[in-house]
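Some notes on the structure that comes next.
The values are calculated or read from the model by the stated rules, or taken from the named source; none is laboratory data. Predicted model, so just to flag it, every value in this text is computed and none were measured. Note that we place each Cβ from the backbone using ideal geometry, even for glycine, and neighbour counts take in every protein chain shown.
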Amino acid sequence: MTTPLLRVDELTVSFSLGRWWRRDDSVFALDKVSFELQPGEIFGVMGRNGCGKTTLLRVLAGATQATSGRVEELAPKPLSKALLSIGFGFDRYLTGRENALLSAMLQGQSRGNAEAMLDSIKEFSELGRFFDQPVYRYSSGMRSKLGFATAMTLDVDLLLIDETLSVGDVGFRDKAKRSMQEQMKKSRAVVFVSHQASQVRQICNQAIWLEQGTVRAAGSTGEVAEQYEAFMQDQKRGAPTASSSQE
Amino acid sequence: MKFWILVHTYARLKLKSEAVKTYLSYFWWLLEPALFVAGFYVVFAIILDMRTTDFIVFLVCGKIPYLWFSKCINGAAGSVFAGRELLTNGSVRPELFPMVDFTQNLYKQAVALAAMLAFVIMQGHFPTTTWFLLPLVVLTQLVFMVPLALIAAWVTAMVPDARMLINILVLMLLFLSGVFWDINELASPIKEYVMLYNPLAFLIDAYRQVLLHQTAPDWWHLGMIFLFSCLACLLLFRFYAWTRSRLTNKVLYS
């Protein structure tokens, strides 16, 4: 059995709902979440809005710290990471090229490396001459292509993707999927987060379903997606949910 | 080093983004300080009739360094919160934002400073050997402002109310630093107290000593400001590293 790239152990993130003079009400964005990420794996995280998906990505990216529990990196050297989310910090008055340069540098690349990547980013993004146009002239799909192309060219050990594939045309989505599978072959890992089970089902091998900050199901994507979809159907029909029956 | 190259690149691109938003673009770098000085001239020289032969040049030599100070501190104050979207990326350090804002102001100030020197020459104060000391005064002001900008950014990110206080303090310093009055006219020991406890007042006076009176500034005083500011910079960068996750959590989740 191979050593996991990353082990998430009882990860908990809680916030206080009260103001500074009353801090007794806490809400758990993540509550004892545990899973392992293998090298070469595209790991899916599915769940409704507000279930803790984005918080999980932020902790994995190292932006925020957990209240308790831990994320243990088991690779021999520290993992390089990139977090890709829709409209990731783009300045609408700068060109696609300038935004890509800045984005790559903000993800930890040196200026020289970032400049050397620009041609590949332009080619991957399929933006053509729009690559040198200000981003305010872009459609949301074009912005997504720019963001995705920048992240995929970065060559990081762990790529964290937040619902990005929901925008962009079918052709680009296929390309994005192929590109993630390429990453897999290089023994890198991808964590892909979405509220749509169908998207996770398409590209991920293993997955978890998060509901109110807790892991409700974990295992092969097919099984997890099935449970999540059944839950969502129940929600639509207004049937009592598993969580309410537990209470 | 990589951090400072990122700061420079980010600041340069932000300046470009800022310039393309307006019709007058980069011309605002000159126009903005010129309009401030013109406004002050109307109030003090014309309405209040405080005109001396050299009043306008005296005012310019105080107002341009003060404007740099006020923009650096007020700009840094909201910078971490403004950059919160990028903080979700674990490789971005919170001190990046005040430093980028600071660098933007530095590049703008270089233009304003060049215009100030041209204006001083036009008013009949021709360059002398003491002008070579000006870079030291500018450098000391720069180093003096870095820790203040870092403190303003950190405190405002943790307690947003601090922004109001910072705005008021910066405005108070306009009146307390001898921008439109001469600190040398104060009686002793008040003058010494103001100089000691308000380094901005000392620095503004140093600009005037060098440019208008061909006198070297008090080296001991200038050196101490430089040294303490350098030390404060080092401590604050360590402090930012130490409080990084606390600061990020605060900005992202409140």
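Structure values in brief
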| item | result |
| --- | --- |
| Among the candidates B:Val138, B:Val210, B:Val194, residue that is in a helix (DSSP H, G or I), of a type in the set (Val, Ile, Thr) and within 30 Å of B:Phe97 (Cα to Cα) | B:Val138 |
| Those residues of the stretch B:178-191 which are outside any helix (DSSP H, G or I) and of a type in the set (S, T, N, Q), in sequence order | B:Ser188 |
| Hits in the stretch A:69-78 (condition: touching a strand residue (DSSP E or B) at 6+ places or on another chain (Cβ under 9 Å) and either away from chain B (no Cβ under 14 Å) or among the aromatic types (Phe, Trp, Tyr) (or both)) | A:Gly69, A:Glu72, A:Leu74, A:Ala75 |
| B:Ala153 being part of a helix (DSSP H, G or I) and small (Gly, Ala, Ser) | yes |
| A:Ala116 away from chain B (no Cβ under 14 Å), within 18 Å of A:Ala82 (Cβ to Cβ), surrounded by fewer than 15 Cβ atoms within 10 Å (Cβ to Cβ) and not β-branched (Val, Ile, Thr) | yes |
| Selected residue (only one of B:Gly90, B:Gly83 is crowded, with 21+ Cβ neighbours inside 10 Å and touching a strand residue (DSSP E or B) at 6+ places or on another chain (Cβ under 9 Å)) | B:Gly90 |
| Complete set of residues in the stretch A:79-108 that are within 9 Å of chain B (Cβ to nearest Cβ), assigned to a loop (DSSP other than H, G, I, E, B) and over 17 Å from the mean Cα position of the chain (by Cα) | A:Asp91, A:Arg92, A:Tyr93, A:Leu94, A:Gly108 |
| Candidates B:Leu142, B:Leu174 - the one that is surrounded by fewer than 20 Cβ atoms within 10 Å (Cβ to Cβ), farther than 24 Å from B:Leu234 by Cβ and under 13 Å from the mean Cα position of the chain (by Cα) | B:Leu174 |
| Looking only at the stretch B:4-26, and only at residues there that are loosely packed, with under 13 Cβ neighbours inside 10 Å and within 23 Å of the chain's Cα centre (by Cα), the one that is modelled with the highest pLDDT | B:Trp4 |
| B:Phe97 being within 20 Å of A:Ala100 (Cα to Cα), of a type outside the set (A, V, I, L, M) and part of a helix (DSSP H, G or I) | yes |
| Conditions (1) in contact (Cβ under 8 Å) with a residue 24 or more places away in the chain; (2) closer than 21 Å to B:Ala201 by Cα; (3) of a type outside the set (S, T, N, Q); number of the one not met by B:Phe55 | (1) |
| Output for the stretch A:208-233, where each listed residue is touching a residue at least 40 places away in the same chain (Cβ under 8 Å) and on the phi > 0 side of the Ramachandran plot | A:Gln212, A:Gly213 |
| Neighbours by Cβ (under 9 Å, 6+ apart or cross-chain): first from the stretch B:188-202, free of Cβ contacts under 8 Å to residues at least 40 places away in the same chain; second surrounded by fewer than 16 Cβ atoms within 10 Å (Cβ to Cβ) | B:Lys191/B:Asn184; B:Lys191/B:Glu185; B:Val194/B:Leu176; B:Met195/B:Asp218; B:Asn198/B:Leu176; B:Ala201/B:Leu176; B:Phe202/B:Leu196; B:Phe202/B:Asp218 |
| Residue satisfying all of: in the stretch B:236-254; surrounded by 12 or more Cβ atoms within 10 Å (Cβ to Cβ) and away from chain A (no Cβ under 11 Å); modelled with the lowest pLDDT among these | B:Thr243 |
